[in-house]
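What follows is a short report on a single structure.
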Amino acid sequence: MQPRRASSASGRHRQRRVPVQRLNTAAVKAPRTPDVRTKYEETGVNVGGNTPEEFAAIIKNAFDSAGRSIKAAQAAGVKFE
């Protein structure tokens, strides 16, 4: 039996990235089909879509903003339980 070859971090990242890209492509494409888009518009849903990197940036920005708000509240004397 041959020893297992150690995989690199970039190799593991690339392996996880492929399914994420496929899932993202399908998730962005599906709501843009005419029948789904019509249903969404009837209910007032705004059809959008972005890349995983753009979504990660949105989430990071939200966490950063929340962190600043919490720090400002703590500096003002607010105590969290």
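The values are calculated or read from the model by the stated rules, or taken from the named source; none is laboratory data. Remember, it's a predicted structure, so these values are computed and weren't measured experimentally. With ideal geometry, Cβ positions are generated from the backbone for all residues, glycine too; neighbour counts draw on all protein chains shown.
Quick notes
- Hits in segment 10-32 - residues which are surrounded by 10 or more Cβ atoms within 10 Å (Cβ to Cβ) and at pLDDT 80 or above: V20, Q21, R22, L23, N24, T25, A27, V28, K29, A30, P31, R32
- Long-range neighbours under 8 Å by Cβ, at least six apart or interchain, first residue surrounded by 10 or more Cβ atoms within 10 Å (Cβ to Cβ) within segment 61-75, second modelled with pLDDT under 95: I70/F80; A73/F80; Q74/F80
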